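The values are calculated or read from the model by the stated rules, or taken from the named source; none is laboratory data. Since the model is a prediction, treat every value here as computed from it, not as a measurement. Every residue, glycine among them, receives a Cβ derived from its backbone with ideal geometry; neighbour counts consider all protein chains shown. Ligands, DNA and RNA are stripped out before the accessible areas are found, and what is left, the full protein with its side chains, is counted by its heavy atoms. Shrake-Rupley method; radii C 1.70, N 1.55, O 1.52, S 1.80 Å.
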Amino acid sequence: QVQLVESGGGLAQAGGSLRLSCATSGLTFSTYVMGWFRQAPGKEREFVAAISRTGISPYYADSVKGRFTISRDNAKNTVYLQMNSLEPEHTAVYYCAAKSGVLLDRNPKTYTYWGQGTQVTVSS
């Protein structure tokens, strides 16, 4: 079956960095657009970034542009999220997700497969 497993979350200080990974199995990774989303307590799940099947075209939420970088390694069936200059408002559970097709989409309803999430906590 399809599995998406996030890792790399944890506690970071404001101004610090974390690198999230999402290892996938059970799907033809190179044929899926991959995305990262996050959900803070009491808030709806929100889009963070997405990347095309070839990895050439990243797409970011305005709130993370210049701080976060999404990338993928199709040989390793893994997508990454490098997070720099972290701030307390970045505290959330971060999820990776996969969608078919070619369109990069910020709507979580268009993503078919989801990981369980990894907690990121940023202290001030």
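Sequentially through segment 69-80, phi angles give Karplus couplings (6.51, -1.76, 1.60; θ = phi - 60°) of 9, 9, 8, 8, 10, 5, 6, 9, 6, 9, 10, 10 Hz, Gly and Pro residues having no value and appearing as x. Bridging of residue 76 to lysines at a Cα separation below 30 Å is possible for 65, 99, 109, once same-chain residues fewer than 8 apart are set aside. Where both bridge residues fall in the chain, DSSP classifies roughly 90% of the beta bridges as antiparallel. In a simple Cβ point-charge model (Lys, Arg +1; Asp, Glu -1; nothing else charged), the chain has a dipole of about 220 debye relative to its Cα centre. With R₀ set to 22 Å, the beta-carbon distance separating residue 71 from residue 102 gives a calculated FRET efficiency near 0.75.
Can you give the FRET efficiency to the nearest 0.05 for residue 30 and residue 123, using r as the Cβ-Cβ distance and R₀ = 25 Å? Kindly include the intermediate steps, with their values, before the conclusion.
Numbers: r = 37 Å, r/R0 = 1.50.
Computed FRET efficiency for residue 30 and residue 123 comes out at 0.10.
In whole Å, how far is the Cα centre of segment 1-62 from that of segment 71-114? Their Cα centres are 2 Å away from one another. Counting only heavy atoms of the protein chains and using a 1.4 Å probe, residue 80 has close to 30 Å² of accessible surface.
Shape of the chain from its Cα gyration tensor (a ≥ b ≥ c, root eigenvalues): rounded if a/c is under 1.5, otherwise prolate when a/b > b/c, or oblate? Prolate is the answer for the chain, as a/c is 1.5 or above and a/b outweighs b/c.
Segment 8-75: percent of C-alpha pairs farther apart than 19 Å? Please list the in-between numbers first.
Values: 925 of 2278 pairs.
Cα-Cα pairs in segment 8-75 separated by more than 19 Å: 41 percent.
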